[in-house]
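A short write-up of the structure that comes next.
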């Protein structure tokens, strides 16, 4: 009598969780922008046996953005999920994996991320600032002013903008623009940059040093700008992901300044 | 007549009362929410 087919995997079974963990690590390891994502829910799982110890698995995952930029060396386990009130961002991913002799490998993945609806946030937190488009004029001005301010005061390397990660604008009771952006160290000191900023290029792959800045620009009732940048230090690239294709690195045109 | 009887028996069988406190197992998917639902 043929063996009865094994019961379908449940979404909370240990094997499903192990597959989801492999999928999330793959997604974060191959993402090139924004922030790391953490698993929020396994929506569905389907297993198609291929033979002994060989299964193809189709996962439908619900992820949530964390506060860790994609370039940050912080392990995902130490990255907190962005709270609902901070205007959470959700990722929906479909992942195809193979489980061969107990080892998972991702064959394909497709993700789509979207911010929570403004209505949901306002309903629960009327005064919470909301995410705005990354090419909003006030956002671009704030990032430019913040990076110029940082570079004018630092005694270290001149930093160039890699990408803007997220931005929020609050209008009441004060008018405040809050932005987060990824930066890269260049081959110039800030002093040298004053003489010839065009010559300042991102460090080559074997010396690269990326970081992250947060900036808060108060526009009313009075102008005030605060910027804080943290550099990660040189990270030895993971063997299977060459540095240049490292996640989060979007090289802007050489010489493209923040202004 | 056999088919009718079989169906009748099956119907009877389905009416077998479940033990008190029987809780059907949760559906296998979707899984638990780890943080919050948006």
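We did not get these values from a lab; they are worked out from the coordinates using the rules stated. Remember, predicted model here, so these are calculated numbers, not experimental data. No Cβ is skipped: glycine too gets one built from the backbone with ideal geometry, and neighbour counts run over all protein chains shown.
A few comments on the model shown:
- Rounded, prolate or oblate (a/c below 1.5 giving rounded, otherwise prolate when a/b exceeds b/c) for chain A by Cα gyration tensor: oblate
- Per residue of peptide A:7-13, the mean number of Cβ atoms on other chains within 10 Å of the residue Cβ is 4.
- Shape of segment A:78-156, Cα gyration tensor, a/c cut at 1.5: oblate
- Angle of helix A:14-29 to the longest C-alpha principal axis of chain A, folded into 0 to 90 degrees and rounded to 10: 30°.
- Sorted peptide list for A:152-162, A:104-114, criterion being average Cβ within 10 angstrom, highest first: A:152-162, A:104-114
- Residue-averaged beta-carbon neighbours from other chains (10 angstrom radius) around B:23-33: 6
- Taken residue by residue and averaged, Cβ atoms of other chains lying within 10 Å of the Cβ of A:40-52 number 3.
- Pairwise centroid distance, computed over Cα atoms, of segment A:45-71 with segment A:169-242, Å: 34 Å
- Overall form of segment A:52-196: oblate. Here a/c, set by the Cα gyration tensor axes a ≥ b ≥ c, is 1.5 or more, and a/b is not larger than b/c.
- Peptides ranked, highest mean first, by Cβ atoms within 10 Å: ranges B:19-27, A:164-172, A:20-28, A:78-86: A:20-28, A:164-172, A:78-86, B:19-27
- For the peptides A:29-41, A:133-145, residues were scored by their other Cβ atoms within 10 Å and the scores averaged per peptide; the highest-first order is A:29-41, A:133-145.
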